[in-house]
Amino acid sequence: MNSDKQDNSPTRCDGSGEEACLKDRRTDRLLRKPIVTARTGMSVSSIYRREIAGRFPRRVPIGVRAVAWYESDIDEFIADPLGYRSP
């Protein structure tokens, strides 16, 4: 049996220090800017300002001039916008 087999659990924690966990992004949808602004009710400039401050999920480049956000990250932000901190 191969011990290098990838863990298929939703999150994987390595147990070091602050319990750094990696999310399984294989089934997570990517949301483009118009959907993110509609779901959060925030302007693009507010999103970018909060992202720089670490108070909004980080965007992911999906092309040369295109970005998106993971849906689960946006859902976490919507659940607690004042308490959200980027990992």
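Every number in this text was worked out from the coordinates using simple rules, so none of it is lab data. Not measured: the values here are computed from a predicted model. FYI the Cβ positions are ideal-geometry reconstructions off the backbone, even for glycines, and counts take in every protein chain you see.
What the table shows:
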| quantity | calculated |
| --- | --- |
| Neighbourhood charge, 15 Å Cβ-Cβ cut-off, centred on residue 83 and excluding it, Lys, Arg +1 and Asp, Glu -1 | -1 |
| Other-chain or far-sequence residues with amide H under 5 Å of residue 67's (modelled H) | 62 |
| Alpha-carbon radius of gyration plus Dmax, which is the widest Cα pair, for region 28-87 in Å | 10.5, 32 |
| Most to least packed among 76-85, 36-45 [average Cβ atoms within 10 Å] | 36-45, 76-85 |
| Full-extension gain in nm, residue 44 to residue 65, via 0.36 nm per residue minus C-alpha separation | 6.0 nm |
